[in-house]
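Scroll down for the structure; my scribbles are underneath it.
Just so it is clear, none of the values below were taken in a lab; they were calculated from the coordinates. Quantities reported herein were computed from a predicted structural model and do not represent experimental measurements. So basically every Cβ, Gly included, is an ideal-geometry build from the backbone, and we count neighbours across all protein chains shown.
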Amino acid sequence: MHETSGSPVGERLLAAADELFYTEGVQSTGVDRIARRAGASKKSLYSVFGSKEALVVAYLEARRTSVQEILTRGLERFDTPRERVLGVFDILGRIVTAPDYNGCPFLSASAEAAGDSPIGQAHSAYRAWVRELLTELAAEAGAVDPSAVGRELHLLYDAAGVAARADRDPRAAAAARAAAEAVLDRGAAPPAAAPAVVPGHCPGCSCPEIAGAPAPAPAAGGLPPGSPDSPAPAGPARGPADGGPAAARRPRHRGVPDRAALPPEDEHALRLSGERFDHGRGNERVDE
């Protein structure tokens, strides 16, 4: 009767493989050493797992289960979707700053394995789970394109793990978290557009006669009737005494001619007459 990976000897072998594979590498660790560390024979190792490759796959599957549990439990303490996205990097920060952190076990184990091998497939399965998690969290956080945002977050997740190991940088996860905030901000839905303003009408005016009034038709030259810049109607020549061309020009407000002389109740009449009313430049004085 063959032993199974869940048997006492199988658990000892897997525990020994986990320690040696992670600290010393898959390629440099032989099955003889694993068996000795587990207090078992090499024959027992092959009886339980069948091959070293199968033992490596079991080791990676156990690591994946551990990471999933750590992330799933850790995310429960965050309240909002955005906090959960950033919480992934907080949890990663605790992982990569642990004294025994030696890089990503999946990346290390698959470095010399073919992509379609059982080891490569175990690595791909782990990466697919991380990508799915980040994509779901991005969707909950309001990303317009959760798939694209999830991909960017996954790149940051990978980069933090590699930098923490290669550079011995304990701040790598914090830097990735800050970058993740920028990714979330850029990928969020844009704010609602402001309501359009009908040309010729007062923005925000609720008066029925103003809100329903059509914009005045443009006169010759494309300017609305009554505009300060529109040509004056034909009529008898006027001299200096009656305000003709030779009369001294006086400064007036752009868009609100002689408004200071109008009482407040005449404001609607001024708007309906077709005079331009520019809220943004109503107080700018222009000499013409």
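Points worth noting:
- The string of couplings for segment 8-22 from the Karplus curve (6.51, -1.76, 1.60, θ = phi - 60°) is x, 5, x, 5, 5, 4, 5, 5, 5, 5, 4, 5, 6, 4, 6 Hz, one whole number per residue in order, with x for Gly and Pro.
- The slack in the chain from residue 68 to residue 112, taken as 0.36 nm per residue of separation less the alpha-carbon distance, amounts to 13.4 nm.
- Average Cα contact separation per residue, segment 1-136, under 8 Å, 6 or more apart, as relative contact order %: 23 percent
- Sorting 94, 151 by the number of Cβ atoms found within 10 Å of their own Cβ, with the fewest placed first, yields 94, 151.
- On the basis of the beta-carbon distance and an R0 of 25 Å, residue 83 and residue 61 show a calculated FRET efficiency of 0.25.
- Formal net charge of residues neighbouring residue 77 (Cβ-Cβ distance under 11 Å; K, R +1; D, E -1): -2
- Average projected area [Cα convex hull, segment 56-187], square nanometres: 7.7 nm²
- Once the Cα-Cα distance is subtracted from the 0.36 nm per residue extended length, the residue 7 to residue 33 segment shows a gain of 7.4 nm.
- Among 97, 135, sorting on how many other beta-carbon atoms sit within 10 Å of each Cβ, with the fewest leading, yields 97, 135.
- The calculated FRET efficiency for residue 43 paired with residue 19, based on their beta-carbon distance and R0 = 25 Å, is about 0.75.
- Set against the 2.2 N^0.38 Å expectation for a compact globular protein, segment 1-50 has a Cα radius of gyration ratio of 1.03.
- Gain in span if fully extended, residue 136 to residue 171, counting 0.36 nm per residue against the direct Cα distance: 10.0 nm
- Remark: segment 95-101, residue by residue, has Karplus-estimated 3J(HN,Hα) of 5, 6, 9, 5, x, 9, 5 Hz, where x stands for each Gly or Pro and the curve is 6.51 cos²θ - 1.76 cosθ + 1.60 at θ = phi - 60°.
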